[in-house]
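The values are calculated or read from the model by the stated rules, or taken from the named source; none is laboratory data. None of the values given here were measured: they were computed from a predicted structure. Here the Cβ is made from the backbone with ideal geometry for all residues, glycine too, and neighbour counts use every protein chain on show. Side chains included, ligands, DNA and RNA excluded: accessible areas come from the protein's heavy atoms. Shrake-Rupley method; radii C 1.70, N 1.55, O 1.52, S 1.80 Å.
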Amino acid sequence: MKLRKVTAASAVVLALAVSATACGSDNKKDSGSSGGDKKITVGIKFDQPGIGQKTPQGYAGFDVDVATYVAGKLGYKPDQIEWKETKSAERENALSRGDVDFIAASYSITPEREKKVDFAGPYLLAHQDVLIRADDTAIKSPSDLNSKKLCSVTGSTSAQNVHDKLAPKAQLQQYPTYSACLTGLQNKAIDALTTDDSILAGYASQAAFKGKFKLGGFKMTNENYGIGVKKGSDLKAKINTALEAMVSDGSWQKAVAKNFGPANYKNEPAPKIGNIVS
């Protein structure tokens, strides 16, 4: 009789323990997201206004809007997107390691990169350009950059390309960040800043700089922005379908106007999927 009582008590304790463990497991699975453990990880830039930027209010920029739309078409709500910073030098590694599912980070499609990753798109055709002061009437063409102080960030080849091919007498200036170049441009310490026109438009669209700068409109190179995925990933075809839908329903043009409009960015029409402009 005594043995039966102990056995019954043990059974009750065991049942309670199993129940508590199950409840704890469910809570852990669903914590932090209304969509449970269903997540997609997207690589973006955190420091490019108008393109991809981490702000106190969240994430903003054209690439963020494109990635959010694409993720939606893939079945993910905004709160199911995990944003991960992917700096230029780490993009291929992040994809090959599986750190991210796809990357939308001013990622130009090039033959060298296509050996390592696959690209959906392109979704934007950008060009290397210059940003100058709004009241500057002296710089009307790339050759006018001769004898001018031309800024780009340390490690970038943009200014060197201009110097080597278009304005051999340009005085190259390297600053640590684009924001530092903008301050120098505003203070007349430099005469022009060069990189992709989309990036320049994003910076110039910031509230602190609205109306102070303008794009030269020189279109010195073609930069086909694509969405990077791991080599052989079936996401490529799905993302291409999503990009086509974004263009056809008008969301693409709205994102362009929202992120680049304040700088009077003369964007190219939405590129056709697979059409790489050399």
Notebook entry, point to check: Mind checking which of K149, K115, K188 has the largest fluctuation in a GNM of the chain, springs on alpha carbons under 10 Å?
Noted result: K115
Next item on the list: Could you work out the Kirkwood radius for the chain, taking every pair of different alpha carbons, averaging 1/r and inverting it, reported in Å?
Entry: 20.9
Item checked: Average accessible surface area per residue within the chain, 1.4 Å rolling probe, Å² -> 51
Notebook entry, point to check: Considering only DSSP beta bridges with both partners in the range 133-278, what is the antiparallel share in %, to the nearest 5?
Noted result: 10
Note to self: Quick check on the range 123-171: take the gyration tensor over C-alpha atoms, sort the square-rooted eigenvalues as a ≥ b ≥ c, and tell me if it's rounded (a/c under 1.5), prolate or oblate.
What the structure shows: oblate
Check: Between S278 and Q171, what is the label-to-label distance in nm when each label sits 7 Å out along the Cα-to-Cβ direction?
Finding: 3.9
Checklist line | Cβ-derived FRET efficiency at R0 22 Å, F46 paired with K231, nearest 0.05 | finding: 0.30
Checklist line | Cα gyration tensor shape for the range 60-117, rounded if a/c is under 1.5, else prolate or oblate | finding: prolate
Notebook entry, point to check: Using a Gaussian network for the chain with springs between C-alpha atoms less than 10 Å apart, which of these wobbles most: A104, A126, A89?
Noted result: A89
Checklist line | Accessible-area composition of the chain, carbon plus sulfur, in percent [1.4 Å probe] | finding: 52
Next item on the list: Enter the accessible area of T137 (Å², nearest 10), with the probe set to 1.4 Å and all protein chains included.
Entry: 100
Next item on the list: Compare W83, W252 by solvent-accessible area with a 1.4 Å probe and give them largest first, with all protein chains kept in place.
Entry: W83, W252
Notebook entry, point to check: So how strong a dipole does the chain carry about its Cα centre when Lys and Arg Cβ are +1 and Asp and Glu Cβ are -1, to the nearest 20 debye?
Noted result: 700
Margin query: Quick check: pseudo-label points 7 Å beyond the Cα along Cα→Cβ at K140 and K39, how many nm apart are they?
Written below: 5.6
Next item on the list: Determine the shape class of the range 158-226: with a ≥ b ≥ c the square roots of the Cα gyration tensor eigenvalues, call it rounded for a/c under 1.5, and otherwise prolate if a/b is greater than b/c, oblate otherwise.
Entry: oblate
Item checked: Gain upon complete extension [K54, T154; 0.36 nm per residue less C-alpha separation] -> 33.8 nm
Notebook entry, point to check: Which part of the range 241-278 falls in the paramagnetic zone of N161, meaning amide N under 17 Å from the point 7 Å along Cα-to-beta-carbon?
Noted result: 268, 276-278
Item checked: For the range 111-128 and the range 34-76, distance of Cα centres in Å -> 19
Item checked: With all protein chains modelled, accessible area of M220 [1.4 Å, Å²] -> 40
Item checked: Per-residue SASA entry for H163, accessible area with 1.4 Å probe, Å² rounded to 10 -> 50
Next item on the list: Compare R113, R133, R97, R91 by solvent-accessible area with a 1.4 Å probe and give them largest first, with all protein chains kept in place.
Entry: R97, R113, R133, R91
Next item on the list: Sequence neighbours fewer than 8 away in the same chain don't count; with that in mind, list the aspartates and glutamates whose C-alpha is under 14 Å from K148.
Entry: D136, D191
Notebook entry, point to check: If you count the DSSP beta bridges with both ends in the chain, what percent of them are antiparallel, to the nearest 5?
Noted result: 60
Next item on the list: Quick one: among G72, G226, G52, which has the greatest mean-square fluctuation in a GNM of the chain with alpha-carbon springs under 10 angstrom?
Entry: G72
Note to self: Test of understanding: what is the full-extension gain from K258 to E112, defined as 0.36 nm times their sequence separation minus their Cα-Cα distance?
What the structure shows: 49.3 nm
